[in-house]
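The values are calculated or read from the model by the stated rules, or taken from the named source; none is laboratory data. Keep in mind it's a predicted model, so treat the numbers as computed, not measured. Every residue, glycine as well, gets a Cβ built from its backbone with ideal geometry; the counts of neighbours run over all protein chains shown. Areas reflect the complete protein model, heavy atoms only, side chains present, ligands, DNA and RNA absent. Shrake-Rupley method; radii C 1.70, N 1.55, O 1.52, S 1.80 Å.
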Amino acid sequence: MNVLLLLLILMVLAGLWSILTSLLLRATIALALTSVLLTVVMFQMNAPLAAVFELSVCAGLISVVFISVISLTHRQPLKEYLARRQKRILRFWPLPVLLLVVGVGLSFVHRPVHIMLPHPTAFGDIRIMMWQLRRLDLFGQILVLLAGVYGVLILFRGNKNGN
Amino acid sequence: MNYLLIFVPFIALVLVNLLPKKLRPISSFLVLLLILAAQSIFAALAPFGLIRAVGAVRMEHLFGFHLLIDNLSLLLLLSAGIVGFSALMVAWHSIKDEDDRFNFTNLLFILLIGMNGISMLRDLFSLYVFIEAIAVSTFIMILLYKAREAYEGALKYLILSVVASVMMLSSIALFIMFCGGTSFEVIKLSLVSSGALARIAIALFICGLFIKGGLVPFHGWLADAYTSAPAPVSVVLAGVVTKASGIFTLIRLLTAVIGFSPATKDLLLIIGAISIVIGALAALGQKDIKRMLAYSSISQMGYILVALGCGTRLGLIAAAFHFLNHAIFKSQLFANAAAVEEQTGSRDLGSLGGLAQKMPVTGITSAIASLSTAGIPPLSGFWSKLLIIIALWVSGNYFYAVIAVLASLLTLAYFLTLQREAFFGQVSVKVSSVTEASAGMLIPAVLLSAMTVGLGLVFPFVIKYFVR
Amino acid sequence: MGIEMSQMFWTFFIFFALLLVEGFYCIIVTYNFLRVLIGLELLMKAVTLFIIVAGYLSGNLALAQSIAITVIVIEVVVVVVAAGIIIGFFREYDSLNIKNARSMKG
C-alpha cells in the first residue's frame, strides 16, 4: 500500500508538471512519465496485461503522436516564448493550491461506505474474459480502429486544392 | 437476423474496400443503399410478424454475445435506415469528388453498424464502445472537406465528447466496483440493494449522454458541428446520429435499467423544458438556415425528453413517435437546405428570397416538413406533439404542458420566418437565375415528405405499432 | 465493505479526483489546442486508473483489465484523430490558439 501511495503521489506530481511546464516538449515527456507511473501502479495491482498496453500504447505511441504534432506545428520565436512564460505563471499558480485544498479537504470528509461488494466473477482469467465474454467489445474496438484508419486517410492527406 | 444487422454491413464494408480502385465508389454506394433499404423495410415490417420467424434463429453460441431486438430497437433501426438512405442520396449528388464520396460511404457504413449495435445491446460498456465508434467517425465526417470553419465544430465536439467519455467511464468503474459487472441485468439487480453510490454512477452516465446528445447545458458544440459539416453529413448527424448516442441510449437505460423515480422525472422535465425554450429562442434569431435547423433540433430533443419525463406509458409512446418523426422531418429539412445551398451557393436567409418559384419541389417539401415540425394537423408532427402534450397533461405536469404548447408557437414562428425569407416573397437578385435541384436531391425530400404526410394520415393505424 | 476497504477506496478516490482537477483545469485555462489535448489525456489516465482500482478492490480484475484495454485502444484512436484535426487547424489558421477559432459564434 505504501509503495502504491508513493507511486500515486508521483503520478499526480508528474501530471502537475505536464501542465505547469512552459515547453510543450517537456509537457509531452511529463505526460509519458505519468503514463509510465500508471503502468507501475497497474503492475502493483496485479493487472499486468493492461499495464503492458498502457506502457506500449499510451507512453509510447501517444508520445510519438504528440511529438510529431509539435514538430509539425510549433514555430515560436524565443522572445515570444519568454514573454509568455511570465504570463503563464499568473494563470497557473492557483492549480497547485487547488490540488492541495482538494486533496486535504477530501481526506477529511471521508465517511466509511457500507456496501456489500459483489462476489468476484467466476471467470478470473483475463483471456477467457476478453475472448469469450466480451467479444462484442472487441468487435466495437475493430469498428473504432477502422474509423481511425479512415480518419488518418482523410485528415492527414494533403489538401487537394494545393494550399 | 439480429447478428446480420451488424455483420452484413461490416463484411460489405471490408469487401468493398478490397475491390479494384475504379469500382469502389459506385459499388460501395450501391451496396450501402441496398443494405439501408433492406434494413428500413425489415424494421418497418417486423412488427407485423412477417419476419419474426427469421429472428427466432439463435446464434448466441456462435458469437458469444447477445443481441436482442425489441420494439425500441426497431425504432432506431428504422430511423437509421431512412435517414441513412436519404443522406446517401444527397451525398451522391452533392459530393463532387470521388474519393470524398467513397470516404463518406465508408464512414456511413461504420455509423450504421454503430447505430445498429446500440439499438440491440444489453451491456453498458459495449454501449460505450459503440457510442465512441460513432463519435470518432462523426469527428472525421465533419471534416470531410476540411473546410476552414469545420475545424472549430469538430474540435469542440471532440473535447466535449472526451469529457463525456470520462463521465461515462467513471460511472462504469463504479458499476464494476459495486455491481460486479456492466450488463443491464446485473446493474438492475444491484441498484435495488445499493444506495447513493449507484445513483451517483447513474447520474454521471446520464450526464455524459446529455453531452453526447447536445442537450441544453451542453449544447455548445452542436450548432457549430451541424452548421459546418458538409450537407449530407449534417443530414445524417441531425437526423439520427446524435439522437442514437444521446436520447436513444437514455430511453434504453430508463426503460431497461433505471426506471422512473421522481428525481429522474424532475431532471428530465427540467432539462427538457429548458432545451425546448432555449433551442426555440436561439433558432428565432438565426440568419443561417443550417444553424437555425440545428437549434430547432435542440428544441425538438427537449420535447422528447419532456415526454420521457412523464414516466408513463403514454409518454414513452409519444417520445418514441416523436423520435421517428424528428428523424424524418429534420433530415428532410437538412436535405432541403443542402439543395438550396447547392443551387444558390448560399445559406444566408438575408440574401435568399422567392425560391419557391424557382425551386417548386424543394419549396413545397420544405414547407411540409416545417409545418410538421411546428405541429400543424394533419401532418405526423402534429400527432406526436399532441401525444406529448396529452401525456404531460394526464400525468399532472400542467406547467410543462403549457410550455410545450407555447414553444410550439415559437417553432411555428421561426419556421414561418425561414419560409418567408427563403422561399416566398420577392425573388431576390441573387436567385434570379437559379434552377431546381437535380433529381437525386429531390428523391429523398419527396420520399420523406410523403412519409410525413402518410404517417399523419394513417396515424390511427400507426399508433398500434408504437403501443405494442 | 469493511472499514479498511472503504478507507482504501477513499484514498484511491482522492488521487482520481486530483488527476481530474488537473485535467479540467488544464482544459479550461489554456489557449493552446495541444495543451487541451494533454488535459484530456490526463483525464483519460485518471479514468483508466479508476477502472483498474475498481477491479482491484472488488476482485474483478479480469473484467477491469479487459475494459481498461479497450479504453486504452479507443483513447489512442481519439488522440490520433485529434492530432490530425489539430494539424489541419494549424494549416488553416497558422496557429494553435483557441481564440482564433472563435470566429463563428452564434
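Working carefully through the options A:L72, A:L24, find the one that is crowded, with 17+ Cβ neighbours inside 10 Å and either on the phi < 0 side of the Ramachandran plot or within 8 Å of chain C (Cβ to nearest Cβ) (or both).
Numbers: A:L72 fails: crowded, with 17+ Cβ neighbours inside 10 Å.
Of the residues listed, the single one that is crowded, with 17+ Cβ neighbours inside 10 Å and either on the phi < 0 side of the Ramachandran plot or within 8 Å of chain C (Cβ to nearest Cβ) (or both) is A:L24.
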**OP:** Test each condition in (1) over 26 Å from C:I85 (Cα atoms); (2) open to solvent by less than 80 Å² (accessible area, probe 1.4 Å); (3) modelled with pLDDT of 90 or more for A:T34 and report the one that comes out false.
**Re:** (1)
**OP:** Taking B:K243 as the residue in question, decide whether it is in contact (Cβ under 8 Å) with a residue 60 or more places away in the chain, under 18 Å from B:S275 (Cβ atoms) and either open to solvent by 10 Å² or more (accessible area, probe 1.4 Å) or among the basic types (K, R) (or both).
**Re:** yes
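Residues to consider are A:L99, A:L13; find the one that is more than 9 Å from chain C (Cβ to nearest Cβ) and surrounded by 14 or more Cβ atoms within 10 Å (Cβ to Cβ). Working first, answer last.
Working: A:L99 fails: more than 9 Å from chain C (Cβ to nearest Cβ).
When all the criteria are applied, what remains is A:L13.
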**OP:** Tell me which of these B:G114 doesn't satisfy, since it passes every other one: (1) modelled with pLDDT under 90; (2) within 27 Å of B:T182 (Cβ to Cβ).
**Re:** (1)
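Closer than 30 Å to A:L5 by Cα and either more than 7 Å from every other protein chain (Cβ to nearest Cβ) or crowded, with 22+ Cβ neighbours inside 10 Å (or both) - does that describe any residue in segment C:80-88? Step through it out loud before you land on a result.
Taking segment C:80-88 as the starting set, the residues that turn out to be closer than 30 Å to A:L5 by Cα are none.
No, because not a single residue in segment C:80-88 is closer than 30 Å to A:L5 by Cα and either more than 7 Å from every other protein chain (Cβ to nearest Cβ) or crowded, with 22+ Cβ neighbours inside 10 Å (or both).
Could you tell me whether segment C:78-100 includes any residue that is closer than 19 Å to B:I172 by Cβ and assigned to a helix (DSSP H, G or I)? Working first, answer last.
Pass one, segment C:78-100, residues closer than 19 Å to B:I172 by Cβ: C:78.
Next, from what is left, pick out any that are assigned to a helix (DSSP H, G or I): C:78.
Yes, there is a match, as at least one residue in segment C:78-100 is closer than 19 Å to B:I172 by Cβ and assigned to a helix (DSSP H, G or I).
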Subject >> Condition met for B:I118 (in contact (Cβ under 8 Å) with a residue 40 or more places away in the chain and β-branched (V, I, T)) >> reply: yes
Original post:
If you check every pair at least six apart or on different chains, which have Cβ atoms under 9 Å apart with a residue in segment A:89-113 that is more than 19 Å from A:S22 (Cα to Cα) first and a residue that is modelled with pLDDT of 80 or more and open to solvent by 70 Å² or more (accessible area, probe 1.4 Å) second?
Top reply: A:H110/C:Q7; A:P112/C:Q7
**OP:** Check segment B:123-146 and report whether any residue there is within 30 Å of B:F42 (Cα to Cα), in contact with a strand residue (DSSP E or B) (Cβ under 6 Å, 6 or more places away or on another chain) and in contact (Cβ under 8 Å) with a residue 12 or more places away in the chain.
**Re:** yes
Subject >> Filter result for C:V53 (in contact (Cβ under 8 Å) with a residue 60 or more places away in the chain, open to solvent by less than 10 Å² (accessible area, probe 1.4 Å), more than 7 Å from chain A (Cβ to nearest Cβ) and assigned to a helix (DSSP H, G or I)) >> reply: no
Original post:
Any residue at all in segment B:100-123 that is facing chain A (nearest Cβ under 9 Å), open to solvent by 20 Å² or more (accessible area, probe 1.4 Å), in contact with a Ser or Thr (Cβ under 9 Å, 6 or more places away or on another chain) and not in a helix (DSSP H, G or I)?
Top reply: yes
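Checking the conditions here, which among B:T249, B:T264, B:T227 is part of a helix (DSSP H, G or I), more than 18 Å from the chain's Cα centre (by Cα) and hydroxyl-bearing (S, T, Y)? So that I can check it myself, show each step before the final result.
Details: B:T249 fails: more than 18 Å from the chain's Cα centre (by Cα); B:T227 fails: more than 18 Å from the chain's Cα centre (by Cα).
That would be B:T264, the only listed residue that is part of a helix (DSSP H, G or I), more than 18 Å from the chain's Cα centre (by Cα) and hydroxyl-bearing (S, T, Y).
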Original post:
Pairs under 6 Å by beta carbon, first residue free of Cβ contacts under 8 Å to residues at least 12 places away in the same chain in segment B:390-401, partner buried (at least 20 other Cβ atoms within 10 Å of the Cβ), six or more apart or different chains?
Top reply: B:W393/B:A401
Original post:
When you scan segment B:23-43, how many residues do you find that are more than 18 Å from B:F7 (Cα to Cα), aliphatic (A, V, I, L, M) and assigned to a helix (DSSP H, G or I)?
Top reply: 1
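Hey, can you tell me all the residues within segment B:435-460 that are in contact with a Leu (Cβ under 7 Å, 6 or more places away or on another chain) and either among the aliphatic types (A, V, I, L, M) or surrounded by fewer than 18 Cβ atoms within 10 Å (Cβ to Cβ) (or both)? I'd like the intermediate steps shown before the answer.
At the first step, the residues of segment B:435-460 found to be in contact with a Leu (Cβ under 7 Å, 6 or more places away or on another chain) are B:452-453, B:456.
The one that is in contact with a Leu (Cβ under 7 Å, 6 or more places away or on another chain) and either among the aliphatic types (A, V, I, L, M) or surrounded by fewer than 18 Cβ atoms within 10 Å (Cβ to Cβ) (or both): B:V453.
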Original post:
If we scan segment B:211-220, do we find a residue that is open to solvent by 10 Å² or more (accessible area, probe 1.4 Å), within 21 Å of C:F13 (Cβ to Cβ) and hydrophobic (A, V, I, L, M, F, W, C)?
Top reply: no
**OP:** Evaluate the following for B:T365: is it open to solvent by less than 40 Å² (accessible area, probe 1.4 Å) and within 30 Å of B:A439 (Cβ to Cβ)?
**Re:** yes
Original post:
Quick one: C:F12 ticks every box in (1) buried (at least 19 other Cβ atoms within 10 Å of the Cβ); (2) under 14 Å from the mean Cα position of the chain (by Cα) bar one, so which box is it?
Top reply: (2)
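For every residue, the table says whether it meets (1) closer than 30 Å to A:V109 by Cα; (2) within 7 Å of chain A (Cβ to nearest Cβ); (3) open to solvent by 10 Å² or more (accessible area, probe 1.4 Å).
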position	(1), (2), (3)
C:M5	yes, no, yes
C:L19	yes, yes, no
C:C26	yes, yes, no
C:V29	yes, yes, yes
C:V36	no, no, no
C:L43	yes, no, no
C:N60	yes, yes, no
C:A68	yes, yes, no
C:F90	no, yes, yes
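Condition check: touching a residue at least 60 places away in the same chain (Cβ under 8 Å), within 14 Å of another protein chain (Cβ to nearest Cβ), out of contact with any His (no Cβ under 9 Å at 6 or more places or on another chain) and open to solvent by less than 10 Å² (accessible area, probe 1.4 Å). Does B:S380 satisfy that?
Values: touching a residue at least 60 places away in the same chain (Cβ under 8 Å): yes; within 14 Å of another protein chain (Cβ to nearest Cβ): no; out of contact with any His (no Cβ under 9 Å at 6 or more places or on another chain): yes; open to solvent by less than 10 Å² (accessible area, probe 1.4 Å): yes.
No; evaluated as a whole, the condition is false for this residue.
Criterion first (touching a helix residue (DSSP H, G or I) at 6+ places or on another chain (Cβ under 6 Å), surrounded by 13 or more Cβ atoms within 10 Å (Cβ to Cβ) and at the interface with another protein chain (Cβ under 10 Å from one of its Cβ atoms)) does A:V41 satisfy it? Break it down stepwise before answering.
Working: touching a helix residue (DSSP H, G or I) at 6+ places or on another chain (Cβ under 6 Å): yes; surrounded by 13 or more Cβ atoms within 10 Å (Cβ to Cβ): yes; at the interface with another protein chain (Cβ under 10 Å from one of its Cβ atoms): yes.
For A:V41, the condition - touching a helix residue (DSSP H, G or I) at 6+ places or on another chain (Cβ under 6 Å), surrounded by 13 or more Cβ atoms within 10 Å (Cβ to Cβ) and at the interface with another protein chain (Cβ under 10 Å from one of its Cβ atoms) - is met.
Residue by residue, here is whether (1) over 22 Å from A:S35 (Cα atoms); (2) modelled with pLDDT of 95 or more; (3) not in a helix (DSSP H, G or I) holds:
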{"residue": "C:M1", "(1), (2), (3)": "yes, no, yes"}
{"residue": "C:S6", "(1), (2), (3)": "yes, no, no"}
{"residue": "C:F9", "(1), (2), (3)": "no, no, no"}
{"residue": "C:F12", "(1), (2), (3)": "no, no, no"}
{"residue": "C:L20", "(1), (2), (3)": "no, no, no"}
{"residue": "C:F24", "(1), (2), (3)": "no, no, no"}
{"residue": "C:L34", "(1), (2), (3)": "no, no, no"}
{"residue": "C:L37", "(1), (2), (3)": "no, no, no"}
{"residue": "C:K45", "(1), (2), (3)": "no, no, no"}
Original post:
So B:A422 fits all but one of (1) touching a helix residue (DSSP H, G or I) at 6+ places or on another chain (Cβ under 8 Å); (2) open to solvent by 20 Å² or more (accessible area, probe 1.4 Å); what number is the exception?
Top reply: (2)
